[in-house]
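Chemist: Sharing a structure, written as structure tokens. Questions coming.
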Amino acid sequence: MPYNEIYWQREEVIPKKELEELQLKRLKWIVRHAYDNVPFYHKKLKDSGIKPDDIKKRDDIVKLPFTTKEHLRENYPFGLFAVPKESLVRLHTSSGTSGKPKVVGYTAKDLENWTNMVARCLYMVGVRDYDVFQNMVNYAFFTGGLGFHDAAELIGAMVIPAGVGNTERQVQYMADFGTTVIHSTPSYALHVKEVAEELGLFDKLSLRIGCFGAEPWSKNTRKRLEDTFGIKAYDSYGLSEMNGPGVAFECPEQDGLHIWADHYFIEIVDPETGEQVSEGERGELVLTPLTKEALPLLRYKTGDITFIMDDECSCGRTHPKIHRILGRADDMIVVRGINVFPSQIEHVLMQIPEVGDHFLVVISRRGSLDEITVKVEMRDEVFTGELSDLQKIQQKVQRELQKELGLRTNVELVEKGTIERSKGKAKRVLDLRKDL
Ligand SMILES: [Zn+2]
């Protein structure tokens, strides 16, 4: 049963002070739980000369060692679990690009907590018991399928476990069943639109809410999704190591994602040094689950770059907000002391109509100063125009990049086909400083 018409649970609006006290109490519990029941943590804490009793205040979390994806893989499959197998009721796995998959487990209580967190998210953006919820993500192994499925059912919505693929059938059902809410990746939703148009069913759809996650998407994509479908589109964040989806989610303000601080302790650290950054600064998101029985990962390095937004939210929720994920820690480049992500550059370039699909960021050093040059392929038609037009475009790109990055860049406009194409993941950055 919901707490009231606006909030799924009372915890969403508990006073900040109470929230912090709850965090400390739960932090103490999880450290003790990990120390007593996971040999890996017992040894790690002992080696660092730390006992669970040393955690006396919230700031003491920095005394704890980090946990990484590699630790999960090295302890495949159950090495970091804190409960015996008979206490587990569910397993999920996430495939990595290399090596062993990450395996995550849940007790019945973990599942209950998780489902409630995802339900908070869905209820927050307006999903109700009269909705028809079409869940268009992969159900196999991956947490996104069942995570949303269970939560939408808990709210009382009618759930269609659609999965991915069979797009024509999906669209037919959307029209026939009166689907009002979809959950998918942003790119799949755009594909659904094309198929719906081909089938002549687009006008028969009655969507009102879209929940999108699992791949990074920009503000511009949001606008496209909202305009196309006539929906409100919300950003979803989660990772299987922290249960799955429902770690953080946008509220109706669509300005940052509330992260559920009664279940997760949130830190932002410098990805290189591991030091906490100052308030509001961007860095790597580090999470410690505060209620997880099966898998109490301490200070887990997510690899996702974001920052904490400090303002209070007019939706009334007291949980902090993070900015939508800016990129992965592995992709970050540091230029003149400023962190830059290729995704930020992409975001700027894709708003400019004259710009083609390919670009390359070259970082070099002149004297002791880093130089950043962005080579941008233009659309063919641009080169038939006046030279002064080209200059105008070049200045526009430079100006927009400076606004986004807080950094002056050189911009070179080049003809289509100039930048080398790669077969796999596009190579966006050439860092020449490493050769010096
Ligand atoms: Zn809010």
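The values are calculated or read from the model by the stated rules, or taken from the named source; none is laboratory data. Only a predicted model underlies this, so the values are computations on that prediction, with no experimental measurement involved. FYI the Cβ positions are ideal-geometry reconstructions off the backbone, even for glycines, and counts take in every protein chain you see.
Chemist: For I266, work out the one condition from (1) away from the ligand (no atom under 16 Å from the Cβ); (2) under 30 Å from K44 (Cα atoms); (3) surrounded by fewer than 20 Cβ atoms within 10 Å (Cβ to Cβ) it doesn't fulfil.
Modeler: (1)
Chemist: Would you say S422 is at pLDDT below 85 and surrounded by fewer than 13 Cβ atoms within 10 Å (Cβ to Cβ)? Lay out the reasoning, then the answer.
Modeler: Values: at pLDDT below 85: yes; surrounded by fewer than 13 Cβ atoms within 10 Å (Cβ to Cβ): yes.
The answer is yes for S422.
Chemist: Now a separate question. For R365, only one of the following conditions fails: (1) modelled with pLDDT of 90 or more; (2) not assigned by TED's automatic domain parsing to the domain that holds E250. What is its number?
Modeler: The single condition R365 does not satisfy is (1).
Chemist: Tell me which residues, restricted to segment 254-263, are within 15 Å of the ligand (Cβ to nearest atom) and either of a type in the set (D, E) or assigned to a strand (DSSP E or B) (or both).
Modeler: Restricting attention to segment 254-263, the residues satisfying the condition of being within 15 Å of the ligand (Cβ to nearest atom) are 254-261.
Those that are within 15 Å of the ligand (Cβ to nearest atom) and either of a type in the set (D, E) or assigned to a strand (DSSP E or B) (or both): D255, L257, H258, I259.
Chemist: Let me ask something else. Failed condition for D311, given (1) within 23 Å of H347 (Cβ to Cβ); (2) at pLDDT 95 or above, with all others met?
Modeler: (2)
Chemist: Here's another thing I want to ask about it. So, G213, is that one modelled with pLDDT under 95 and crowded, with 21+ Cβ neighbours inside 10 Å or not? So that I can check it myself, show each step before the final result.
Modeler: On the way: modelled with pLDDT under 95: yes; crowded, with 21+ Cβ neighbours inside 10 Å: yes.
Here the answer is yes, as G213 does meet what is asked.
Chemist: How many residues are touching a Gly at 6+ places or on another chain (Cβ under 6 Å) and within 16 Å of the ligand (Cβ to nearest atom) if we restrict to segment 269-322?
Modeler: Here the count works out to 3.
Chemist: State whether one or more residues within segment 39-53 are closer than 17 Å to L290 by Cα and either hydroxyl-bearing (S, T, Y) or touching a residue at least 60 places away in the same chain (Cβ under 8 Å) (or both). Steps first, please.
Modeler: Of segment 39-53, the ones closer than 17 Å to L290 by Cα are 41, 52-53.
Next, from what is left, pick out any that are either hydroxyl-bearing (S, T, Y) or touching a residue at least 60 places away in the same chain (Cβ under 8 Å) (or both): 41.
Checked against the condition, which is being closer than 17 Å to L290 by Cα and either hydroxyl-bearing (S, T, Y) or touching a residue at least 60 places away in the same chain (Cβ under 8 Å) (or both), segment 39-53 yields at least one hit.
Chemist: Right, here's the next one. Quick one: I160 ticks every box in (1) among the β-branched types (V, I, T); (2) within 21 Å of the chain's Cα centre (by Cα); (3) under 25 Å from M1 (Cβ atoms) bar one, so which box is it?
Modeler: (2)
Chemist: Looking only at residues that are of a type in the set (S, T, Y) and over 20 Å from K219 (Cβ atoms) in segment 178-196, which one is nearest to the chain's Cα centre (by Cα)? Steps first, answer last, please.
Modeler: Residues of segment 178-196 of a type in the set (S, T, Y): 179-180, 184-185, 187-188.
If we keep only those that are over 20 Å from K219 (Cβ atoms) too, we end up with 179-180.
Values: T179: 25, T180: 24 Å.
Once the filter is applied, the top-ranked residue is T180.
Chemist: Just checking, does segment 76-98 include any residue being under 22 Å from L285 (Cβ atoms), assigned by TED's automatic domain parsing to the domain that holds G303, part of a helix (DSSP H, G or I) and touching a residue at least 60 places away in the same chain (Cβ under 8 Å)?
Modeler: No, segment 76-98 has no match at all.
Chemist: Let me ask something additional. Only residues in segment 101-130 that are farther than 13 Å from Y234 by Cβ and within 16 Å of the ligand (Cβ to nearest atom) count as the first member; pair them with residues that are among the small types (G, A, S) and modelled with pLDDT of 95 or more, Cβ under 7 angstrom, at least 6 apart or cross-chain, and list the lot.
Modeler: Listed by first residue and then by second, the contacts come to M117/G246.
Chemist: List the residue pairs whose Cβ atoms are under 8 Å apart, where the first residue sits in segment 307-319 and is at positive phi, the second is more than 10 Å from the ligand (Cβ to nearest atom) and at pLDDT 95 or above, and the two are 6 or more positions apart or on different chains.
Modeler: Short answer, once both residue conditions are applied: G316/I6; G316/Y7; G316/V13.
Chemist: Residues in segment 56-73: is at least one at negative phi, assigned to a helix (DSSP H, G or I) and aromatic (F, W, Y)?
Modeler: No, segment 56-73 contains no residue that is at negative phi, assigned to a helix (DSSP H, G or I) and aromatic (F, W, Y).
Chemist: For segment 23-63, what are the residues that are exposed (fewer than 13 other Cβ atoms within 10 Å of the Cβ), closer than 23 Å to D270 by Cα and not basic (K, R)?
Modeler: Listed by number, the residues that qualify are S48, D59, V62.
Chemist: Can you report the number of residues in segment 1-35 which are part of a helix (DSSP H, G or I) and either touching a residue at least 40 places away in the same chain (Cβ under 8 Å) or at positive phi (or both)? First the steps, then the outcome.
Modeler: Filtering segment 1-35 for residues part of a helix (DSSP H, G or I) gives 10-13, 16-35.
Filter once more, so that each one left must be either touching a residue at least 40 places away in the same chain (Cβ under 8 Å) or at positive phi (or both): 11-13, 16, 19, 22-23, 26-27, 29-31, 33-34.
Final tally of qualifying residues: 14.
Chemist: Run down V376, V335, V362, V355 and say which single residue is closer than 29 Å to V286 by Cβ and either among the acidic types (D, E) or within 30 Å of the chain's Cα centre (by Cα) (or both). Even if it seems obvious, please write down each step before you answer.
Modeler: Values: V376 fails: closer than 29 Å to V286 by Cβ; V362 fails: closer than 29 Å to V286 by Cβ; V355 fails: closer than 29 Å to V286 by Cβ.
Checking each option against the conditions leaves just V335.
Chemist: Tell me the strands (runs of 3 or more DSSP E) entirely within segment 203-253 that contain at least 3 residues that are within 16 Å of the ligand (Cβ to nearest atom) and free of Cβ contacts under 8 Å to residues at least 12 places away in the same chain. Explain how you work it out, then say what you get.
Modeler: Values: elements: 209-212, 232-239, 244-250.
No strands (runs of 3 or more DSSP E) qualify here.
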